[in-house]
Every structure is written in structure tokens, then in C-alpha cells.
Amino acid sequence: MTDILSHRLTRRAALLGMGAALATPAIHGASAQGAPIKVGVLHSLSGTMAISETALRDTVLMMVEGINSRGGLLGRRVEAVVVDPASNWPLFAEKARELLQVAKVDVTFGCWTSVSRKSVLPVFEELNGLLFYPVQYEGEEQSKNVFYTGAAPNQQAIPAVEYLMSKDGGEARRIALLGTDYVYPRTTNRILRAFLNSKGIADADIMEEYTPFGHSDWQGIVARVKRFAGEGKRTAIVSTINGDANVPFYRELGNQGIKAEDIPSVAFSVGEEELAGIDTKPLVGHLAAWNYFMSVNSPANTEFKNQWQAYIKNPRRVTNDPMEATLVGFKMWAQAVAKAGTTAVDAVREAMYGQKVDAPCGYTLEMHRNHHLSKPVMIGEVMENGQFNIVWKTPGPIVAENWSPFIPENASRRRG
Amino acid sequence: MKRLILTLLLVLGFAPICFAQDDFNATALRLGGSFGEQAEAVEKLGLSGDPRGLPLLQALADGKLARMPDGALRIGDADALTGAPADATGASPVRINNRVRAALRSALGRLQIVSPDPAERLRAADGILRSRSAQDLPLLDAALARETVPRIRERLVLAQGAARLASDDEAMKRAGIESLGASGSEAARTVLLEARTANAGLAEAIDAAVTRIDRQLAFRRAGELLFQGLSLGSVLLLAALGLAVTFGVMGVINMAHGEFVMLGAYTTFLVQEALRGTFLAPWALPLAVPAAFLVTALLGAVMERGLIRHLYGRPLETLLMTFGVGMMLQQAVRLIFGAQNREVSSPAWMQGTLMLPGEISVTQNRLWIIVFGIAVLLLVMAAIRFTRFGLEMRAVVQNRRIAATMGIRTGRVDALTFAFGSGIAGMAGVALSQIDNVSPNLGTGYIVDSFMVVVFGGVGSLAGTLIGALTLGVFNKLLEPYTGVVLAKVAVLVGIMLFIQRRPKGLFALKGRAADQ
């Protein structure tokens, strides 16, 4: 099966190719045959998460436009159904139900925070929907109704902390875990604490603090981190702060003069898009860990950036990791639908396993039976222009461990 | 410049171990290598004291060094090693990481400690302090002998102490511990604690020095904590002041108060955008204060005349109606400006840290907000006490009918009072745009806090609002280190509940006939 999306084919060629590959009896001339295939978009367009999630809606819309311009899918037009759950977790579940029961979508792309994913999970399982979740998360989950195209902890959090402890990363021996108060930061930090303990870092050398969503008064916490760092061991910050609370957090770091050479911070939920609204000069050298950066040099990435900037009509708009994960998820879904010849959830699920996409991160990513992708890990330092300078990466994609070995209860779940 | 530095270095008696040309070139070329190679080369160049290294290191630090595909280095259109003009097509900038950046700071420090520019020398002293290497001792001794600026001397003494502590000589180490202990600074404390494990034999002396520093730091830390509390208090004060007028004086439960604050922040954004590129741009923030006041006051007046006046004496309906208005305002802003946050930039004088006497470091933006909060409070007090409008307002509040008989147009006074309170909320929005995200739901985060402050301080008392806001702010910050941010807030809320049980009228209860209304 050719990858119908990554090649710019004419509509006719796409149809021919698809027809040949699927050997479907007849695809008639018009591209919009029959009822459209519906793609639900479940991202917060307002509230504290809008800063991160709005771009993901636009990415899905871009992909939908792209696939329609190439003749649609299975000879049918693809139509996006956009709803706004407004950073309101119970509303996520309501909107998910609305998408599945009222709009009758064939697939949904959505959620950023884990609390929103946990909120919609029962709905997708009950109604046998299909959700593509594009953001790195804490793992400890594997639903047959969800495909996770972001990183599991071993694909982001653990390599990032290992880097901080390495010579290049500044040999940190004291870690401040700062996070927003919900399931993702708490679980990730639980895994990280166990990991750090296994590396010989005592609990006394770990500081853990949580703040509410949208927190803006960071002066006390940043001052405490400064003091924590002054106890004679190299210190680093691991930030699982989500949403727009990052803006005042980084502003406070800058105002209190915390330089990356002294106390580097690595963020798991801050990318190019979040930095777009901040003065990045005081932040040079602070880190983020992702599986993709806009500064990656690969043909697929050049194509992605061009397509995005043309779609959004702004030559300076940035791309980021969850956008890439959305793109990869969408391409895989389209390939799986083409392979299955239907949008029926059970058939598409089977067809998803083993799907490969030549991703903008520069590698060919594969969907495994554990519903997670193998992904390369990259660590970038913030540069003055708000982009990331990739200072470390894994030699290739690594397989996701969604059941972390650092959580004792998982021993029985893991196969080996 | 190079020659000058070389001479200065020689004068200082610190003879640089200049490389042979080949050696220098080989080292310099490694600046374009892997991060590990870069860090080593930077260190080597710094320790050599070779002045030829300075422009190279400077260029590397500024991101101006570029690498040709064949490994040659360029600065602009010139060869980085010889300075001769050279073709730079196809050169890619040499990137550095934190490790290299740190090495650069130390290396540049060593080379720039003789700079004629005091700011550069201060940075240099900090850079050398960072390296904590005994090899720097002769350099530091020489620099100290010449240095006259007290601030730089302070840093140099610290760096010298750290370097002595890193030496192999026991007596020298003790001297280092002594001078670090005497400095009383946070940085010295860190240096001492770092050295503790490597110098088990000196642990006692180090502990004594640390205790000595801690004693000196205790005052400073308390000062900083107090500042944080006052800062939070001033934010609460600003958010609550408008409410102290509309709710406290008029008794209107205005659930749209938060939205007025939010509109003030958006007005700031608009003023900033309107002035962008003009000569007034640096003054956008001060100019936004009257603008925000006018916009929200006008809206407040319209709201009072159009809606609230029909509901006087019916608190439940007022509450529901203003809640609805608040949601409409939020949605309107979302439609006009979009759901995404808007960026209001901070002027330069509101960025960074300021050292108060006693070495208490405070962030500039927070300091200005405290000042602004107090200024607004004084303004409100003055307006109520000394103006005709204030007199009429007090008269209407105390006895509406008698005030009316005296010829006061009570309806007009009501409208003006509500507009005044709303305008203050707008001014608070200007301040909050500096520390919080300007988004349509900015106000919702402050409405509960505002009511809390007004009720706790005593409804109808401005002094109560002030004391209430500051008390809550300081308490919150005192609790935070022990309980974390979330629990501290919960604890404060529980505290207020208990307090209100004992004193339903708050800290400053109004006395006399006015209180009965």
C-alpha cells in the first residue's frame, strides 16, 4: 500500500492508486461519493489549555483539507466536526458523547491534558469510538479505543532526567519536580522519583511542588527552588507545568535571574507554540524534551512546515511535537482506513497495527500492538529566536513502555 | 584592544602562557567540534590567558561563530583565527549547550577581569567564581590588588575564597573558609556546602562558617518572604478595592467585578497595540491606567443605570443578573479578541531584580505593583474624603432620604459610585496584565479572592480591605513553604470561615447607625 498522503499525487492518480491497492469494485469519478467521513476534533479552544490546544485543531483541519484536495478517503469526502470543551474536564466527556452519538464521527482527534483523556475514556469505551491522543503523557493506560501518538514516560521523561544527570546536561544531583496539580504531573513525578532513587538520589535531594491550573504567583516557588539549589549539589528543575501557567513561571525565572547554566530546567509540556508568547532571551539554554522539534532537519519536516505555514497563511507560525503527533496519527488512521476499506472502528483498529509513517521527526514511526508508537527522543535548548537547539537525541526510535517498570504495581502487567 | 589587554595582563604580573601558533590553532578549531570538544577547548583557551582567544570566545558566546563544511571557522566574513577576509558561504552557526556556556562564562571571566569596563569586570568576577579552581588564585590576587569598585571586590573576594578552598594547601583552605564565612552571602554558602564532602577533615570549620552565614541570611530571608506576602497582598488589594466600593459601600453583589478587571487588562493590551511603534510606546502601561479606568467606569455607569438600579434591595436577583452579565462580557471578549491569551509586554523598568538595602532581592514588577496598589488605595481614600462626590456618596450611603431632601441627586450619585468602583477594577486589570495571563477568564480567578478580602476586612471599610488583603497575602506566603500552594489557599479559606463565625462583620466592623442598614 502506498502512502497516499505523503506523496503529492493528483486526485486522479490518488484514486487510481487507491483503487488498485484496495481492489474495490468501483470508485466512480466524483470524489465526494456517498456520505462524508466525519472526523471529530475535541480540543480546548478557550480556557487555560487554549494556548496549547488551538494549534492542534488547526492541524487536524489542515490534514482534512489536504486529504480532500487529494480526492478524499475511500472515495468519500472527509469532514471535520469541531467542538470546544473549553478546558473543562467534565465538558470533555459531554462533548465526546455528542461527537459519537449526535455527530456520529468515525474517528476523533483530541485531548491534551491527561485529566481530559481520563474524562472521555469511559465514553469512547462505552460507545466503541476511536480516539487519537497526540500528547506525551504519564502512561499507565492502554485502551483498545485509544491510539496514543505522543510519548510514554520512557520516551520523554526518563531520558530527559538522564540527560540532566549526564556530563553534558550539567551533572545534576538534586532535582526539583514542579508540576500542575493533576494526574499527569503526579504520576510522572512518581515514576521519576522511583527512577531517581534507583540512580542513588535520595528523597532529601528531591523537591516536589504542585500548583493549580493557570497559577500566576510563582515568586515563592522560584525562590524556594533557588534556595534548594544552594545546598551544594548541582540542581535542575523538571517541569510538568501545563498550559498558560508556564508564561508567568518563565517570566519569574527570568526576573529572579535563574540562568540555565546554573539551574537548568527541562519542560515536558512546553514547545515552540507555548514559547511564541514569551520573551525568550532570558530563557536561553533552558530545555525541553520531546520527540520532535521544529528545527529537525528532514525532508518530511520541511514539507510539514511548508504545508502548515501555507495553510495558516502565516510564514512565521511554528510547529511543535503534539502537532507532529497529530499529523502522524492522522496519516496512520487514513492509511488504516484505506487498508481496511471501511471506517468501522474494529476493522480500523486491526489495520492500525504495524502502520508506518515517514514522520517529520526524521524517522519512520510504527504503531505497535500496545497502541503506542516507537519514537525517537530529543532534547532541545531554547534559543533566542524561540526555537530549540537539539543537543541530544537517541540514535533511533525507541518502543514505548506505557506500563512503567518504575511503578511497582506494574510488575504483573509487563510481559517481560 | 588585544594589545591593551595583553599589556594589562603583563602589568598585573600574570604572564599568559601564550600558545605556539599551531597549538593555538588546533585548540581554536575544536571550538567548532562536539559539545565535549568545545567545552575542553574553551577551558584551555581561558586558562591560557591568551588574548587571541578572547574574540573567538566572545563570538562563540554571542552565536556569531560559524563553521565551514571543511572545519574552518568564520566570524562574519572573516576567518576567525587570522581575521583575514574569507568567503563564508555555506557556513553554519556553531551552536553551544549549557555545559559550553558555563565553561565560556569562566573562560571569558579570566580574560575579561582586566577589562576597563566595570560591568564587564563584574560579569568576569562572577564567571571566575563559577569555576572554583585553584589555578585562578594568582589572577584573582592580582585583580583584587587593583580593584576599587566595592561590588566587584565583593565578588572577587568570593571567587578568591572559592579558589582557595579548591587548593591543596590546608592553611589556604582554612583561609578560604574564613573569608567565605565572613561574606554572609548565599553564593558563599553554596560554595562551602559544595566543598563539604570533598573536605571531610574541614567539615567542622565549614559547618561553623555556614551557620555564621545562615545567621546573617535569616533577616534577609524573612525580608524576602515578607515581600512576597506583601506582593500577593497588594494584588488582592487591587482586585478587591473596586469591590470594596461597589459591594462594601453600595451593597451591590457584583459578580461581574472580575470581568471589569479583565476588561482593564484588555484595555491595556489595546493601548499597547495602538501605541506600538510611536514615541509613546514605552509609556503604554502608565497611559493604560486612565484609559482602563474610563472604559470600565463607563461600562459600570451603563450597567448601573440600565440594570442594577432596578434591582436595589434584591440581592439574590442582583447576584444572578451580574453573574449573567459577567458571562456575557467574557464571551464578548472571546468573540472579539479570540480565546487565546494576549501578550502584554512589560516595560524594561518592570523586569529583573532589584536589591533593596540589606541585600533583600525583590522582583521589579512585583515592587511596582505594591507601589501602584498603595497609590490606588490613597486615591480612593482621598476621593471619598475630600471631594464633593465623596461627600455626596457618604451622605447617600448613610441616609438616602435625608440626602435626597438636601438636594442630592441620589440616582446620579449611585451611578457615579458604581462607575467609580468599576473604574478601580479596571485599573487593577492594568496591574494584573503584568503578572497574569490576559485571557477572557482572567477575572474569574480573582472574584472569589476579592469577596473574601472585603468580607474578611469588614464590609464598608477601606482600611479593613487594606489590612485584610495584606494579612491574607502574608499568611498565604508564610504557609506556602510548609503546605504547598494548593493547601495554603485551602488553609486560608478555612481560617476565614472560622474567623467569620467569631466575627461576622469582619476585622473592621462599622459602628453606629450606618452599620444597621
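Brief remarks on what is shown
- Selected residue (criterion: nearest to B:VAL252 (Cα to Cα)) from residues of the stretch B:401-417 that are among the hydroxyl-bearing types (Ser, Thr, Tyr) and surrounded by 14 or more Cβ atoms within 10 Å (Cβ to Cβ): B:THR417
- Remark: A:ASN385 matches the filter, which requires a residue to be among the polar types (S, T, N, Q), outside any strand (DSSP E or B), surrounded by fewer than 24 Cβ atoms within 10 Å (Cβ to Cβ) and within 14 Å of chain B (Cβ to nearest Cβ).
- For the stretch A:279-301, the set of residues classified as at the interface with chain B (Cβ under 10 Å from one of its Cβ atoms) and without any contact (Cβ under 8 Å) to a residue 60 or more places away in the chain consists of A:ASP279, A:PRO282, listed by residue number.
- Any hit, the stretch B:62-84, residues being in contact (Cβ under 8 Å) with a residue 24 or more places away in the chain and in a helix (DSSP H, G or I): no
- Residue within the stretch B:385-393 that is in the same structural domain as B:ALA415 (by TED's automatic domain parsing), over 30 Å from A:LEU45 (Cα atoms), touching a residue at least 60 places away in the same chain (Cβ under 8 Å) and not polar (S, T, N, Q) present: yes
- Qualifying helices (runs of 4 or more DSSP H) (wholly inside the stretch A:1-119; at least 2 residues being modelled with pLDDT under 95): A:11-22, A:50-69
- Wholly within the stretch A:144-262, strands (runs of 3 or more DSSP E) carrying at least 2 residues that are farther than 17 Å from B:PRO481 by Cβ and within 24 Å of the chain's Cα centre (by Cα): A:146-148, A:174-180, A:235-240
- Hey, A:ALA152 within 23 Å of A:VAL266 (Cα to Cα), more than 14 Å from chain B (Cβ to nearest Cβ) and among the aliphatic types (A, V, I, L, M) or not: yes
- For B:THR322: the one exception among (1) more than 10 Å from chain A (Cβ to nearest Cβ); (2) in contact with a Gly (Cβ under 9 Å, 6 or more places away or on another chain): (2)
- When the stretch B:50-66 is limited to residues that are charged (D, E, K, R) and within 14 Å of chain A (Cβ to nearest Cβ), the one that is surrounded by the most Cβ atoms within 10 Å (Cβ to Cβ) turns out to be B:LYS64.
- Among the residues of the stretch A:60-90, those identified as away from chain B (no Cβ under 14 Å), closer than 14 Å to A:CYS111 by Cβ and either touching a helix residue (DSSP H, G or I) at 6+ places or on another chain (Cβ under 6 Å) or buried (at least 19 other Cβ atoms within 10 Å of the Cβ) (or both) are A:VAL60, A:TRP89.
- Here the stretch A:237-262 is the region considered, the condition is being at the interface with chain B (Cβ under 10 Å from one of its Cβ atoms) and hydrophobic (A, V, I, L, M, F, W, C), and the residue that is surrounded by the most Cβ atoms within 10 Å (Cβ to Cβ) is A:ALA260.
- Residue that is surrounded by the fewest Cβ atoms within 10 Å (Cβ to Cβ), among those in the stretch B:325-343 that are away from chain A (no Cβ under 11 Å) and without any contact (Cβ under 8 Å) to a residue 60 or more places away in the chain: B:ILE336
- Consider the stretch A:351-382 and keep the residues that are out of contact with any helix residue (DSSP H, G or I) (no Cβ under 7 Å at 6 or more places or on another chain) and under 19 Å from A:GLY129 (Cβ atoms). The one that is surrounded by the fewest Cβ atoms within 10 Å (Cβ to Cβ) is A:TYR353.
- Boolean, B:GLY473 is surrounded by fewer than 15 Cβ atoms within 10 Å (Cβ to Cβ) and assigned to a helix (DSSP H, G or I): no
The values are calculated or read from the model by the stated rules, or taken from the named source; none is laboratory data. Treat the numbers as computed from the prediction; the structure is a model and nothing was measured. Cβ coordinates were reconstructed from backbone atoms using ideal geometry, including for glycine residues, and neighbour counts include every protein chain displayed.
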